[in-house]
Amino acid sequence: MITRRKLFGLGAGALAGATSLTIAGTSHAAQAFRFHWTAFDAARAAGGPLLVDISASWCSTCQVQKAIVTELVAEPRYSGYKIFVVDYDTQKDVMRQFGARQRSTLIAFNGSTETGRVVGDTRRSSIETLLESAV
């Protein structure tokens, strides 16, 4: 289950007020944020696993990927992930900066280092391998 809430004061204020989604039902919740450069840069500087999810609400492939990511980050091994959701329809400038050309693109980072990406792949094993690359 995913619930919406607002963050206040997280990451020395860098993520304050950022719209987030908390992956509920786990003791170690992963968090998903609407992409914003300030929050993303603060998370990269803090280190740890990050996932950039370039998706569209109308994209069936994106929805399958989200379901798989939600399942995986519910596992304790991946619960420390911060997920940044880039809206395919409104954030084309962000996509260009990541060198992403299409929706259903997942990019993993460990801190500021990109560790891998998948495009249009809905196989659980591929997405798990991607998440594993950044832990």
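Points to keep in mind about this one:
- Among (1) modelled with pLDDT under 95; (2) at negative phi, the one test that Ser125 misses: (1)
- Some residue of segment 76-84 being out of contact with any Cys (no Cβ under 6 Å at 6 or more places or on another chain), in contact (Cβ under 8 Å) with a residue 12 or more places away in the chain and farther than 19 Å from Phe109 by Cβ: yes
- Of all residues in segment 88-106, those satisfying the criterion of being of a type outside the set (Lys, Arg), within 18 Å of Gln63 (Cβ to Cβ) and within 14 Å of the chain's Cα centre (by Cα) are Tyr88, Ser104, Thr105, Leu106.
- Any pair with Cβ under 7 angstrom, 6 or more apart, that starts in segment 95-108 at a residue that is among the hydroxyl-bearing types (Ser, Thr, Tyr) and ends at one that is crowded, with 20+ Cβ neighbours inside 10 Å: Ser104/Ser55; Ser104/Cys62; Ser104/Gln65; Thr105/Ile54
- For segment 68-118, a residue qualifies if it is within 12 Å of Leu51 (Cα to Cα) and of a type in the set (D, E, K, R), and the qualifying residues are Lys82, Glu114, Arg117.
The values are calculated or read from the model by the stated rules, or taken from the named source; none is laboratory data. Predicted, not measured: the structure shown is a model, and the values here were computed from it. We place every Cβ from the backbone using ideal geometry, glycine too, and count neighbours over all the protein chains shown.
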